[in-house]
Structure formats: C-alpha cells, structure tokens
1. List the pairs whose first member sits in the range 175-186 and is among the aliphatic types (A, V, I, L, M), whose second member is more than 13 Å from ligand 2 (Cβ to nearest atom), and whose Cβ atoms are under 9 Å apart, counting only residues at least 6 apart or on separate chains?
2. Please work out if residue 341 is modelled with pLDDT under 95 and within 19 Å of the chain's Cα centre (by Cα).
3. Within the range 136-186, can you find the residues that are closer than 16 Å to residue 76 by Cα and in a helix (DSSP H, G or I)?
4. Within the bounds of the range 237-258, is there any residue that is modelled with pLDDT under 95, surrounded by 12 or more Cβ atoms within 10 Å (Cβ to Cβ) and farther than 29 Å from residue 147 by Cα?
5. Please tell me if residue 124 is among the polar types (S, T, N, Q), in a helix (DSSP H, G or I) and farther than 21 Å from residue 333 by Cα.
6. Do you know which of the residues in the range 102-147 that are within 16 Å of ligand 2 (Cβ to nearest atom) and small (Gly, Ala, Ser) is farthest from residue 314 (Cα to Cα)?
7. Mind checking which residues of the range 86-117 are open to solvent by less than 20 Å² (accessible area, probe 1.4 Å), over 18 Å from the mean Cα position of the chain (by Cα) and within 29 Å of residue 331 (Cα to Cα)?
8. Restricting attention to the range 76-115, and to residues there that are part of a loop (DSSP other than H, G, I, E, B) and modelled with pLDDT of 95 or more, which single residue is farthest from ligand 1 (Cβ to nearest atom)?
Amino acid sequence: WDMFVLAFVERLFRPTFKKDDFVLGKKLGEGAFGVVYKVSLAKKTSGKEGDLVLKKATEYGAVEIWMNERVRRACANSCADFVYGFLESSSKKGAEYWLIWRFEGESTLADLIQSKEFPYNVESMILGEVQDLPKGLERENKIIQTILRQLLFALDGLHSTGIVHRDIKPQNIIFSEGSRTFKIIDLGAATDLRVGINYIPKEFLLDPRYAAPEQYIMSTQTPSAPSAPVAAALSPVLWQLNLPDRFDIYSTGLILLQMAFPSFRSDSGLIQFNRQLKRCDYDLNAWRKSVGPRANADLRRGFELLDLDGGIGWELLTSMVRYKARQRTSAKAALAHPYFDKEGLLALSIMQ
Ligand code: ADP
Ligand code: MG
C-alpha cells in the first residue's frame with residue numbers, strides 16, 4: 001500500500017505534457033522504430049526542466065514507456081531520467097508514442113571510444129578536471145575499470161529489477177553530465193521477466209554485433225507468454241533456469257574488449273573479431289593463442305593492459321564472453337571481481 005500511495009502521489013505531481021509543449025531541436029537518432037530529437041519547452045513552466053529528449057516511437061513505444069516507468073520506480077539511477085510518455089494520436093502518420101527524458105549530455109560511449117584520446121577524454125569528464133599525470137597503461141586501465149564498473153552497476157540495477165536490456169552497446173550508454181556517470185538508455189528491446197511484459201524476444205531487434213550466440217534468451221521450451229499472475233509466480237524459476245541476464249553480460253564483455261583493443265572499436269573491426277571468435281568456438285583463450293604469433297603492436301598493448309595485476313582484467317573478460325550463458329558471470333558477481341579495486345580512478349589522482 002505504501003508503494004501504491006507513493007506511486008500515485010508521485011504521478012500526481014509529475015509534469016504532464018502534450019504535443020504543442022515542445023520545440024523540436026537537433027535530430028539525435030533515427031532507427032526502424034522511431035526518431036529521437038533534442039527538444040526544449042515552448043514556454044518555461046517551472047524553469048528548471050532544461051533540455052529534454054523526445055522519442056517518437058511506433059507501436060513498440062508502449063512497451064518502452066512501461067519499462068521506463070518501472071525503471072524510474074525501481075532503479076532510477078541505472079537509466080536516463082524518464083520524464084513522461086503518452087500516446088499522440090493527432091499526428092499525420094497515425095498514432096505515435098511520445099517519450100520524454102531529461103537530456104543527459106552530448107556523448108554516448110560510442111562517441112567517446114571513437115576518439116583518438118580514449119580513454120583520457122573520459123577521465124576528465126568523470127573527475128571534472130584535467131589530470132597532469134604521465135600517460136600509460138596503468139592509468140588507462142584505471143579509467144576503463146571506472147567506466148566498466150559504472151556500466152555493471154547500472155546493469156545490476158536493471159537485472160535485480162527483473163529487466164533484461166538485450167541491446168547493450170556503446171551507442172546505448174550515455175554519459176550523464178549532471179551525475180558524471182554513465183547511464184543506460186534505449187529500453188526499446190528490453191524485456192521484463194517478472195511480469196511477462198515483452199516476454200517473447202523480438203529477435204529481429206537484436207544488434208548482431210553485440211548479441212550473445214544464443215538465439216533465444218529464454219529456452220524454446222517456454223515459447224509463449226503466460227498470463228501476468230502466472231508469469232509473476234513462475235519467473236524466478238524461469239530466471240534461474242535460463243539466466244536471461246547473461247545475454248547483457250556477453251554484450252558488456254564485448255564493450256570491455258573494445259575499450260582494451262582500439263582495433264575492435266570500429267564496426268568492421270568488431271565484426272572481424274566476432275568472426276574470429278566464432279571460428280574458435282567462442283573460446284577467448286583459444287582465440288588469444290590463435291592470434292598470438294601474428295598480434296600487431298595494437299593487439300599486444302590490449303593484452304598487456306588486461307594482463308596487469310596478474311591478468312585479472314583478462315580473467316574478468318573471459319568470465320563474461322563465454323558461449324554458455326550459464327558459465328558467464330552475473331553483473332553483481334562481476335562487481336565483486338578483484339579487477340575492481342576499491343579506490344579506482346579517484347585514488348590514482350590523489351596518490352600521484
Ligand atoms: P534508437 O531507438 O534510435 O536507438 P535511443 O533511445 O538509443 O533510440 O536514442 C538515440 C540517440 O539519442 C542515442 O544514441 C543518444 O545519442 C541520444 N539520446 C537518447 N536519450 C538521450 C538522453 N536522455 N540524453 C541525451 N541523449 C540521448
Ligand atoms: Mg539506441
């Protein structure tokens with residue numbers, strides 16, 4: 001009851017919007033299921049809204065609104081700050097769902113890893129100051145650790161809520177300039193297994209560059225969505241049986257790989273890596289052996305970074321990128337991995 005009253009009161013005091021309240025700005029993205037714009041409010045209401053983001057979505061927008069409402073109540077800090085979602089039926093193109101978020105910042109992790117400066121460009125964003133330290137592997141490793149820890153923290157929030165994102169990739173990770181942390185965006189392909197929302201995976205939505213090898217997140221023996229109360233009762237069991245969250249862990253492992261190896265940051269580089277790994281039956285150690293003799297300087301440097309401190313970075317990577325979902329680590333277990341020492345990036349800047 002407390003939760004119910006709280007949710008009701010929260011909804012009562014949250015601003016509501018309609019179509020004419022927004023002035024469209026720059027287009028931020030366009031996919032098969034919607035267009036995303038930076039927007040501002042036509043007339044300032046309370047004055048503290050600032051810039052917003054608007055997604056005009058097709059029929060899948062209904063699920064995305066539902067997911068964002070749930071995230072805001074259960075694990076608000078994991079994702080971009082959701083403001084409001086509604087059905088806009090007066091548009092010429094027919095009914096559209098409009099979703100509004102706070103504008104978190106200019107850069108996604110995809111933008112940031114494409115820079116020649118990565119990971120140093122991220123260090124100053126997280127710490128809010130420029131470090132006057134010698135550049136080197138140790139420092140790069142600390143920055144990458146910090147990014148990965150923030151990402152796993154956000155993911156653990158989603159998974160603990162029962163949500164599997166299914167489209168984890170650098171394009172869907174935004175740097176929040178307000179909180180100086182990375183947050184997850186784009187719940188358009190997400191599934192909530194606790195209540196059976198979007199239970200049947202929309203396979204065609206999955207990005208093949210970052211998708212784990214399993215075709216179906218839930219086993220094919222559970223093909224249809226049970227009714228909500230049945231799903232709610234069954235889902236902890238199904239979760240334990242299928243470990244659907246490990247799909248996101250595989251994608252996260254590929255992001256760690258891209259951060260460590262510059263040559264896999266481009267689309268073509270990542271696709272080439274995926275092909276090589278598949279040829280090694282998804283065994284990272286076998287892949288490492290296979291490239292060992294012909295590794296260029298760029299690859300060798302990546303291995304060197306992951307081999308720091310007795311190879312704990314490589315150990316964590318291999319515990320995330322595995323063929324069998326069951327053998328992959330969880331977000332919570334990964335956060336307790338020795339790769340993440342307690343102090344991280346902040347300590348490095350204070351110590352030296
Ligand atoms: P799509 O379905 O097109 O992938 P996304 O939700 O991923 O839609 O948004 C597209 C792009 O818009 C993102 O890659 C990001 O650059 C930008 N974006 C989305 N949400 C926000 C936000 N809350 N703050 C700032 N930029 C955002
Ligand atoms: Mg996206």
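1. Between residues of the range 175-186 that are among the aliphatic types (A, V, I, L, M) and residues that are more than 13 Å from ligand 2 (Cβ to nearest atom), the close pairs are 184/71; 184/78; 184/151; 184/154; 184/155; 184/157; 184/158; 185/104.
2. No.
3. Correct list: 150, 151, 152, 153, 154, 155, 156, 157, 158, 159, 160, 161.
4. Yes: one or more hits.
5. yes
6. Across the range 102-147, the extreme among qualifying residues is 105.
7. Across the range 86-117, the qualifying residues are 99, 100.
8. Pass one, the range 76-115, residues part of a loop (DSSP other than H, G, I, E, B): 80-81, 89-95, 103-107, 115.
Restricting the remaining residues to those that are modelled with pLDDT of 95 or more gives 80-81, 103-107, 115.
Numbers: 80: 3, 81: 7, 103: 5, 104: 4, 105: 6, 106: 7, 107: 8, 115: 15 Å.
Among those residues, the one meeting the criterion is 115.
The values are calculated or read from the model by the stated rules, or taken from the named source; none is laboratory data. These figures come from a predicted structure and were not determined experimentally. Methodologically, a virtual Cβ is constructed for each residue, glycine included, from the backbone with ideal geometry; neighbour enumeration extends over all protein chains shown. These accessible areas exclude ligands, DNA and RNA; they are computed on the full protein's heavy atoms, side chains included. Shrake-Rupley method; radii C 1.70, N 1.55, O 1.52, S 1.80 Å.
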